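Every number in this text was worked out from the coordinates using simple rules, so none of it is lab data. Keep in mind it's a predicted model, so treat the numbers as computed, not measured. Heads up, the Cβs are rebuilt from the backbone with ideal geometry, glycines too, and the neighbour counts pull from every protein chain shown.
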Amino acid sequence: MSKRTWSGLAAVIMMAVASPPTATAVDANVGLQRDVGAVHAAGVTGVAAAITVGGRAVQARAGVGDVRSGRPVPFEGRFRAGSVTKTFVSVVLLQLVGEGRLTLEDTVDQWLPGVVSANGNDGRKITIRRLLQHTSGLSDYLGPGVAPSTVAEFDERRFDTHRPRDLVAKAITRPPKFPPGRGWAYSNTNYVLAGMVIHSITGRTWATEVRDRLVRRLSLTGTSVPGTSPLLLGPHSRGYEHHPDGSHFDVTIVNPSLFDAAGALITTANDLNRFAAALAGGRLLRQAQQAELVRLDPHSGGYALGIGILTASCGIEYLSHNGVVYGYYTLFGVTTDGERSVTVSATTLGLLPSLWNPEPALRAVSRLVDNAICARR
């Protein structure tokens, strides 16, 4: 959701894996605790992971969920999932396509007349497909004046409410990065617009559609979209950023409307694995839309429609997305048949710049996912 773009994630994964031997057993939980411990040792406050194989789940955790009390990271803890939200939003739009309510070649302006029309940005030339695959050319609204970039700014503005239309308006004060379809650039603006399109089509918010079409259908009991509520309810680890001196700053409580359809979802590792398995296994989309989900554009660098397509070091292809918001980092992966899925959630890997180098922890997270996909001990 973030400064760590999809292409950056792919690069981290390639650095993280060195093709260790594949285990003869297929039980992916062997070594999970070791890999979770490695993520914690790389500097995160707390980390939890879950692997689901054929519907059977195993979990591991390391570190603390609260630095003041020292309580452990909770199993089945909820976390802010950041840009993983994009996959849910994309699935809803593809379901609507399957129902004949729009096409991927419809333009933004057809559904949101005049909303994208300034400084060379033209919604008449941007299709729904371009939004979902980040080939629209639109600038990201997250930046100076919108997203807090220091601890002091965050503390002052953590309860601010943002309207989707205002976020888009901020983005189009800048010219497009390239003509639609002529390049690739990860932009949260694309998915704020996607959420607005869902509302225009259905008359209901994207959050309501995600809830009714996905959360309830799959019984994702730990998954929600909090709207403007700053609270993270239920069992959870607290999210932290680093002060410049290395101490922790609690960022758990924040109004998530800043991220809207680009990153406001709250979920759990097991819920996310269940969703990923259903998606990859073809249980959420019709056949034609399932094919569109994973169809790549020459410019997209492995990013399809709200999902990334990667190849693990053992040669297995899998679907993946990461998410970064204040205090929380999430990464999931699922084999293309939906049989094996893995989710990692770590705290203190967020958006605010710090003197701490997060790259070793990011590599450790990516290594954990690679080992899980490859069923390594």
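Miscellaneous remarks
- Among residues other than residue 274 with Cβ under 14 Å from its Cβ, the summed charge is +2 (Lys and Arg +1, Asp and Glu -1).
- Along principal axes, Cα extents of segment 222-377, largest first, whole Å: 48, 34, 33
- Between segment 238-262 and segment 44-100, the alpha-carbon center distance in angstrom: 17 Å
- Inter-site label distance for residue 299 and residue 165 at 7 Å from Cα along Cβ, in nm: 2.8 nm
- For segment 190-292, the normalised intensity computed at q = 0.12, 0.13, 0.22 Å⁻¹ comes to -0.51, -0.59, -1.30 (log10 of I(q)/I(0), Debye sum over alpha carbons, equal scatterers, no solvent).
- Sum of -39500 (n - 2.57) over DSSP H runs of 4+, divided by residues of the chain (222 nm, nearest 500): -9000 deg cm²/dmol
- The chain: most fluctuating residue of 146, 44, 294 per GNM, C-alpha cutoff 10 Å: 146
- Dimensionless Rg over Rh [the chain; C-alpha; Kirkwood]: 0.94
- For the pair residue 359 and residue 110, a Förster radius of 45 Å applied to the C-beta separation gives a FRET efficiency near 0.60, rounded to the nearest 0.05.
- Projected area averaged over orientations for segment 104-146, convex hull of C-alpha atoms, nm²: 3.3 nm²
- Length gained on full extension, residue 245 to residue 56, computed as 0.36 nm times the residue gap minus the Cα-Cα distance: 63.8 nm.
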